[in-house]
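To keep things clear, I will list the structure first and then write my remarks on it.
The values are calculated or read from the model by the stated rules, or taken from the named source; none is laboratory data. Just so it is clear, the model here is predicted, and its values are computed rather than measured. Quick reminder, even Gly has a Cβ in these numbers, built from the backbone with ideal geometry, and neighbours come from all protein chains shown. Note: areas computed on protein heavy atoms with side chains; ligands, DNA, RNA excluded. Shrake-Rupley method; radii C 1.70, N 1.55, O 1.52, S 1.80 Å.
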Amino acid sequence: MPPPTLDLHDIQGLFARGYGSLKAAAFLLLGVEDSDAARNWLRAVTPAITRADTRPAERAVNLAFTSSGLERLGLGPETLAMFSNEFVTGMTTSHRTRILGDLDDKAPSRWKWGGPSSPRIDAALLLYAPDGAGLRALEGEQTRILELSGLSVLQRLGTSDLDGFEPFGFRDGVSQPFVEGLSKAGPRETTVRAGEFLLGYLNEYGLYTDRPLLDPSADLDDGLPRDAAGSGRADLGRNGSYLVFRQLRQDVGGFWRFVDAATQRTDGSSDPNARMRLAAKMVGRWPSGAPLTLAPDADDHRLADANDFAYHDHDRRGTRCPIGSHIRRSNPRDSLDPRPGSERSFEINRRHRILRRGREYGPPLSIDQALAGDDSDDRGLHFICLNANIARQFEFIQHTWLNNPKFDGLYDDADPLVSPSTPHGGTFTIPTDGVRKRVADVPRFVSVKGGAYFFLPGLAALGYLAGSR
Ligand code: HEM
């Protein structure tokens with residue numbers, strides 16, 4: 001089947017790119033009290049929204065709504081019910097907190113935003129600029145428009161530019177799926193159908209993901225695309241994507257102190273090489289980004305962008321990249337049952353991909369500073385990803401792959417980087433050619449500070465929402 005033609009002019013830019021050259025970013029979380037005011041604001045802000053067919057050099061603005069936000073803009077319960085259940089009920093229902101592992105001290109009741117004890121979040125305005133001055137100007141303009149419309153900024157989430165590295169010190173954003181229909185082409189095994197990220201396009205099952213289809217008479221301006229499946233209905237979801245947002249605090253000091261203690265020589269002195277090796281085993285890549293499967297013994301900057309590899313043929317047992325490492329769990333590539341190494345294995349894997357668009361926050365911390373305990377600042381990752389089916393993509397990865405202590409033949413190992421299984425710590429298993437090593441009592445390095453499920457509508461859908469009653 002030929003790749004689909006994506007309506008890039010109607011799709012928000014974040015789908016096509018993470019705006020890597022726009023190094024300054026801020027995310028404004030908004031609350032809507034008055035529906036008319038919100039629609040006026042939406043009309044005022046829409047011309048500034050960056051579309052996927054432009055490559056912005058100066059600024060980018062994208063906009064997403066929670067289900068309460070869509071409700072406030074005037075969508076009725078029947079229309080809302082056509083969005084996915086995860087989105088409509090939100091990230092903090094008791095069922096979802098169990099799936100996501102947001103329990104005990106990670107429970108939504110303790111979050112700074114998005115939880116039951118903080119104000120309701122209706123929208124997120126995502127702002128990007130090349131530098132701080134550009135961001136201040138953009139933010140000033142957008143805040144004025146918000147104030148004039150009577151909307152309130154509930155939280156401003158700032159970000160920091162760590163030069164492509166996440167706060168633990170590893171390169172981030174290296175591996176992304178190829179998307180059918182976008183210009184960057186890749187091999188079939190790792191090229192995912194557009195309907196995995198956008199509503200209104202065919203997904204990996206050859207089906208259209210559930211989406212809000214309206215009676216055409218509701219589309220007064222005839223602005224919405226028609227259902228690609230041919231029902232004749234107006235598709236409010238087409239060209240839109242679900243945006244998962246989680247503020248993940250990283251205990252960078254705790255991470256480096258743990259790997260340092262776990263690799264000390266018998267005389268109690270630190271062993272920097274062994275320390276880095278263990279940290280890289282936990283991630284699955286070296287700090288430069290070089291994957292352990294291709295560079296098993298030492299970091300190799302020439303392989304910093306390498307992503308064209310699989311596990312079955314060269315690293316079946318995980319002697320290079322441990323099965324429990326973060327990247328192998330979050331994208332097992334061809335190691336999935338029933339037939340690892342086969343096209344079938346890739347096919348199953350393609351149903352659980354996400355487009356990551358996160359940004360770091362907080363000041364940088366070197367390993368030396370971390371070991372010295374100089375780490376009181378709040379820092380971490382504003383984890384953002386796009387997908388068309390939150391349950392089958394983001395939640396599946398988090399629940400069945402990252403948090404699951406029984407992942408792929410392991411029995412007491414959750415993801416060592418982002419989610420040890422119990423508050424007391426988990427195990428990290430490192431297969432070797434001899435006896436496998438086990439690192440015990442891995443503490444928790446990442447905690448959730450806030451989060452919500454949003455919908456990033458297409459431009460025509462924004463127009464509909466701005467006019468809807
Ligand atoms: C603070 C928390 C996190 C940190 C520090 C972190 C860090 C990293 C790093 C260093 C990489 C390797 C470089 C790259 O390919 O970009 C990576 C890859 C990845 N992470 Fe995370 N991550 C975090 C949370 C998550 C979560 C919550 C998910 C999903 C639920 C996730 C999914 C992925 C995926 C899908 C990849 C690509 C794997 C591949 O294709 O090989 N990460 N992450």
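Figures for the structure shown
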item	result
Residue selected from segment 433-465 under the condition touching a helix residue (DSSP H, G or I) at 6+ places or on another chain (Cβ under 8 Å), outside any strand (DSSP E or B) and away from the ligand (no atom under 16 Å from the Cβ), by the criterion farthest from Leu402 (Cα to Cα)	Gly463
Unique residue being at pLDDT below 95 and in contact with a strand residue (DSSP E or B) (Cβ under 9 Å, 6 or more places away or on another chain) when the list is Glu58, Glu33	Glu33
Selection count, segment 365-392, where residues are within 9 Å of the ligand (Cβ to nearest atom) and closer than 19 Å to Phe83 by Cβ	1
Test: residue in segment 241-263 that is open to solvent by less than 20 Å² (accessible area, probe 1.4 Å), outside any loop (DSSP other than H, G, I, E, B), more than 16 Å from the ligand (Cβ to nearest atom) and more than 30 Å from Leu42 (Cα to Cα)	yes
Of all residues making up segment 235-264, the number that are in contact (Cβ under 8 Å) with a residue 40 or more places away in the chain and closer than 22 Å to Ile11 by Cβ	10
Any hit, segment 215-233, residues being outside any loop (DSSP other than H, G, I, E, B) and crowded, with 18+ Cβ neighbours inside 10 Å	no
Failed item, numbered, when Ile430 is tested on (1) farther than 19 Å from Asn331 by Cβ; (2) over 24 Å from the mean Cα position of the chain (by Cα); (3) open to solvent by 30 Å² or more (accessible area, probe 1.4 Å)	(3)
Restricting segment 278-296 to residues that are assigned to a loop (DSSP other than H, G, I, E, B) and within 9 Å of Arg320 (Cβ to Cβ), the residue that is farthest from the ligand (Cβ to nearest atom)	Pro296
Residues of segment 307-322 satisfying the condition of being open to solvent by less than 20 Å² (accessible area, probe 1.4 Å) and either in contact (Cβ under 8 Å) with a residue 60 or more places away in the chain or not in a loop (DSSP other than H, G, I, E, B) (or both)	Asp315, Gly318, Pro322
Residue selected from segment 328-337 under the condition modelled with pLDDT under 95 and open to solvent by less than 30 Å² (accessible area, probe 1.4 Å), by the criterion farthest from the ligand (Cβ to nearest atom)	Leu336
Tabulated pairs, segment 132-146, first more than 14 Å from Leu22 (Cα to Cα), second surrounded by fewer than 17 Cβ atoms within 10 Å (Cβ to Cβ), C-beta under 7 angstrom, 6+ apart or interchain	Thr143/Val153; Ile145/Ala44; Leu146/Val153
Filter result for Gln398 (in contact with a strand residue (DSSP E or B) (Cβ under 6 Å, 6 or more places away or on another chain), assigned to a helix (DSSP H, G or I) and among the polar types (S, T, N, Q))	no
Those residues of segment 273-285 which are surrounded by 13 or more Cβ atoms within 10 Å (Cβ to Cβ) and either among the aliphatic types (A, V, I, L, M) or without any contact (Cβ under 8 Å) to a residue 12 or more places away in the chain (or both), in sequence order	Ala274, Met276, Leu278, Ala279, Ala280, Met282, Val283
Residue count, segment 161-182 (criterion: surrounded by fewer than 18 Cβ atoms within 10 Å (Cβ to Cβ) and over 24 Å from Phe394 (Cα atoms))	2
Glu147 being closer than 30 Å to Leu202 by Cα, more than 16 Å from the ligand (Cβ to nearest atom) and open to solvent by 30 Å² or more (accessible area, probe 1.4 Å)	no
Selection count, segment 174-214, where residues are part of a loop (DSSP other than H, G, I, E, B), modelled with pLDDT under 95 and within 13 Å of the ligand (Cβ to nearest atom)	1
Single unsatisfied condition, Ile397 versus (1) β-branched (Val, Ile, Thr); (2) near the ligand (Cβ under 9 Å from one of its atoms); (3) without any contact (Cβ under 8 Å) to a residue 60 or more places away in the chain	(3)
Test result for Asp163, without any contact (Cβ under 8 Å) to a residue 12 or more places away in the chain, part of a loop (DSSP other than H, G, I, E, B) and farther than 17 Å from Gly69 by Cβ	yes
Residue within segment 108-125 that is closer than 16 Å to Tyr453 by Cα and loosely packed, with under 15 Cβ neighbours inside 10 Å present	yes
The listed residue being open to solvent by less than 30 Å² (accessible area, probe 1.4 Å), of a type in the set (Gly, Ala, Ser), on the phi < 0 side of the Ramachandran plot and near the ligand (Cβ under 10 Å from one of its atoms), out of Ser325, Ser345	Ser325
Subset of segment 286-299 that is aliphatic (A, V, I, L, M) and open to solvent by 50 Å² or more (accessible area, probe 1.4 Å) - its residue that is nearest to the chain's Cα centre (by Cα)	Leu294
Within segment 50-96, tally of residues that are under 28 Å from Gly426 (Cα atoms) and either in contact (Cβ under 8 Å) with a residue 12 or more places away in the chain or touching a helix residue (DSSP H, G or I) at 6+ places or on another chain (Cβ under 6 Å) (or both)	3
